[in-house]
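Comments concern the structure below.
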Amino acid sequence: MQFWIDKEQEKRPDAEWQDAYVFSINREKYSTIFTNIANSWYQMDQLQIPAIYEDLFIIGLSIFALDKRVSRRMFKDCWTREISVSIPVLEYDKWKCTELQWENTLSFLTGDHWHITFRRSEVIYSYREHVNRIHLNVQSCDCVCLFSGGLDSFCGAVKLLEQGTSPCLIGHNEYPKLAKRQNLFARAFQSLYPEQSVKFISFTAGSRAPISEKEGKLKGSENTSRGRSLLFLCAALSVAGILGENVPVYIPENGFIGLNIPLTGGRKGTCSTRTTHPYFLRQFNNILEQVGIKNTITNFFAYNTKREIVRQVKDTEAFKRCYADTISCSHPCLARYNKNGSKEYPINCGYCYPCLIRKSSLLDIDEMKKYSYQGENYDFLMAYEESEKSADLRAVLGSVYRCKHSSDEELKRYIRCVGELTEEEVEKFLTLYKKSIDDLVQLFSADQRMKEYLGL
């Protein structure tokens, strides 16, 4: 399938793209791709951001929209999509030679076949004529950190603050109430670390169905959304570029999730994105270096389990005050649909894959229970044995069983299958993987019936 990204109504598709579906990115008029990140740039006193960073954000935004709007169900295997896209860029000469790298990187990230074509553009998306009356002073910040409001990113921010840095936290606002929660954390950080600067920037992004002159609106949508985290990174890099060309970007996520070994043979690693997998980060950093972007992306939790991450910061006042309100859930707003019980949201459901990992990470903490369900016990498994609600729990239990009945060489093979790694990385991830599984075993073993169910 062919797609044409139209930035600020610059031009209609060329002859070879005339049947393509068109995504429009317009600030002033109706747009099928929309975001408010330009408002944040504007408030940072940027009448126009450097061209290379604008290009990067437009690329990330385009991939995000395509990933959300092109249904996998339209393709033969109901998974692997064939996507050809023409993207307008200002720094054409720099981006042109990265097309193949982008294709390889995106194929790893989303599991699809990508065909990327860059074309020359002179239209500046970020341009503003007048200075904004609202100012966001971020110049005192010395790094940028992705901040979802989940436990990993929360601990990452605490670690940076404990090291004496002044982070600018970047959040993608999927839910208004989640953004409110993120703001509360940022204000708590600032009050606890008054000698440092803590800024929080929240942005939104979304897409509508693209339109083809021949076929009309593209029907359907997709819910796997592996491209969302790429947009997250590109937004963070745009802010880092404003702060300075050497300002680092941090993406704190535990190595078990970053590795993303499929829980079962049929899951294809869909429970989380591959954005923090070392192979992806290497490929993406290489692209940045090739086009002259010096801001590097680092995951300093790459070889830590989630439990180890918690241990690093659990004695800080910031952690004690706020950790219970962090949201690591796959669907934090489902509580509003509860027929029985609390309708508080956002709240961790307690039974999805990220929630189970979260619970295993807090075993050393006298945890304040803030979950819709205690979804790690035998009663829950039996109550929802035939329900989709227990699917993640059953998959995690299967993964635990597989690990406990596999040799180290078999586990290494699983690790190698999810992405190109050095042998040193494989060994590190083997240790990490086994420790993460052990944490899950300890979690499940609190219920003797669950322990017996696992055969342990």
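Regarding R321, is this residue out of contact with any Gly (no Cβ under 7 Å at 6 or more places or on another chain), surrounded by fewer than 17 Cβ atoms within 10 Å (Cβ to Cβ) and assigned to a helix (DSSP H, G or I)? Yes: the conditions hold for R321.
In this structure, R282 does not qualify as in a helix (DSSP H, G or I), in contact (Cβ under 8 Å) with a residue 40 or more places away in the chain and surrounded by fewer than 17 Cβ atoms within 10 Å (Cβ to Cβ).
Here is a yes/no grid of residues against (1) in contact with a strand residue (DSSP E or B) (Cβ under 7 Å, 6 or more places away or on another chain); (2) on the phi > 0 side of the Ramachandran plot; (3) surrounded by fewer than 19 Cβ atoms within 10 Å (Cβ to Cβ):
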residue: M368; (1), (2), (3): no, no, yes
residue: Y371; (1), (2), (3): yes, no, yes
residue: G375; (1), (2), (3): no, no, no
residue: D379; (1), (2), (3): no, no, yes
residue: E386; (1), (2), (3): no, no, yes
residue: K389; (1), (2), (3): no, no, yes
residue: R413; (1), (2), (3): no, no, yes
residue: C417; (1), (2), (3): no, no, yes
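Just one of (1) surrounded by fewer than 23 Cβ atoms within 10 Å (Cβ to Cβ); (2) β-branched (V, I, T); (3) at pLDDT 90 or above fails for V239. It is (1).
Scan region 402-438 for residues that are touching a Gly at 6+ places or on another chain (Cβ under 7 Å) and either acidic (D, E) or modelled with pLDDT under 95 (or both) and jot them down. Across region 402-438, the qualifying residue is only V418. Inside region 69-91, residues that are closer than 23 Å to Q9 by Cβ and of a type in the set (K, R) make up a count of 1.
Being surrounded by 21 or more Cβ atoms within 10 Å (Cβ to Cβ) and either more than 24 Å from S107 (Cβ to Cβ) or of a type in the set (F, W, Y) (or both), is that true of even one residue in region 212-220? Among the residues of region 212-220, not one is surrounded by 21 or more Cβ atoms within 10 Å (Cβ to Cβ) and either more than 24 Å from S107 (Cβ to Cβ) or of a type in the set (F, W, Y) (or both), which makes the answer no.
Is there a residue in region 333-348 that is among the aliphatic types (A, V, I, L, M) and either under 28 Å from E452 (Cα atoms) or at pLDDT 95 or above (or both)? Checked region 333-348: no residue is among the aliphatic types (A, V, I, L, M) and either under 28 Å from E452 (Cα atoms) or at pLDDT 95 or above (or both).
Please indicate, with yes or no, whether at least one residue in region 40-56 is in contact (Cβ under 8 Å) with a residue 12 or more places away in the chain, among the small types (G, A, S), out of contact with any Phe, Trp or Tyr (no Cβ under 7 Å at 6 or more places or on another chain) and closer than 30 Å to N132 by Cβ. Checked against the condition, which is being in contact (Cβ under 8 Å) with a residue 12 or more places away in the chain, among the small types (G, A, S), out of contact with any Phe, Trp or Tyr (no Cβ under 7 Å at 6 or more places or on another chain) and closer than 30 Å to N132 by Cβ, region 40-56 yields at least one hit. Selection of first residues in region 169-189 that are more than 14 Å from L146 (Cβ to Cβ) and of second residues that are outside any helix (DSSP H, G or I) and of a type in the set (F, W, Y), restricted to Cβ pairs under 8 Å at least 6 apart or on distinct chains, gives the following pairs, ordered by first then second residue: K177/Y345; N183/F200.
The values are calculated or read from the model by the stated rules, or taken from the named source; none is laboratory data. Here the structure is a predicted model, which means the values were calculated and not measured. FYI the Cβ positions are ideal-geometry reconstructions off the backbone, even for glycines, and counts take in every protein chain you see.
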